[in-house]
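These notes concern the structure reproduced below.
The values are calculated or read from the model by the stated rules, or taken from the named source; none is laboratory data. Since the structure is predicted, the reported quantities are computational estimates derived from the model, not experimental observations. No Cβ is skipped: glycine too gets one built from the backbone with ideal geometry, and neighbour counts run over all protein chains shown.
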Amino acid sequence: MRVDIETADALAYLHVIDPPIIHRDVKTTNILLDDAFRVKVADFGLSRLFPLDAMHVSTAPQGRRGYIHPEYYQCFHLTSKSDVYSFGVVLVELISSKPMIDLRREKSEVHLANMAIAKIQNHELVDP
């Protein structure tokens, strides 16, 4: 769980510095570990500086589809919630050991986030 906590701390830091940074490409392959197994969030190629006085930034969605926050994908409204959603997908990947996209799953559950949401709503995914 240390990797999860350090990643969350890194994202929280990005969101509170002046100016805040929205990563826009949070995914498992962009969370690296150094020799001491400390987290390094990588690949800031899609990141955006976020104006302090703005509620959101209107911009075309960037990043890997299964990790993109649905509100950002549908409305083009980028917020720090976009990174939080992507990190949630990463957490589900780590906890479930399932890939983010699996074409062998039912069509409605090809994306891991959709599968997790469906299982939560059907009370099939619970904390024992």
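Out of the residues in the stretch 12-22 meeting the condition of being outside any loop (DSSP other than H, G, I, E, B) and of a type in the set (V, I, T), tell me which one is nearest to A113 (Cα to Cα). Within the stretch 12-22, the match that is nearest to A113 (Cα to Cα) is I22.
Summed over the stretch 38-48, residues that are part of a loop (DSSP other than H, G, I, E, B) and out of contact with any helix residue (DSSP H, G or I) (no Cβ under 6 Å at 6 or more places or on another chain) total 5.
The residues listed here are D53, D34; of these, the one that is at pLDDT 95 or above and more than 14 Å from V90 (Cα to Cα) is D34. Filtering D25, D4, D9, D35 for residues that are part of a loop (DSSP other than H, G, I, E, B) and either surrounded by fewer than 17 Cβ atoms within 10 Å (Cβ to Cβ) or free of Cβ contacts under 8 Å to residues at least 24 places away in the same chain (or both) leaves a single hit, D35.
Of everything listed in (1) exposed (fewer than 12 other Cβ atoms within 10 Å of the Cβ); (2) in contact (Cβ under 8 Å) with a residue 24 or more places away in the chain; (3) on the phi < 0 side of the Ramachandran plot, the single unmet condition for L14 is (1). Looking at S86, S82, which is the one that is of a type in the set (G, A, S) and under 13 Å from T28 (Cα atoms)? After ruling out the rest, the residue left standing is S86. Condition first: more than 24 Å from I17 (Cα to Cα), part of a helix (DSSP H, G or I) and not charged (D, E, K, R). Can you find one or more residues in the stretch 56-72 that meet it? Taking every residue of the stretch 56-72 in turn, at least one turns out to be more than 24 Å from I17 (Cα to Cα), part of a helix (DSSP H, G or I) and not charged (D, E, K, R).
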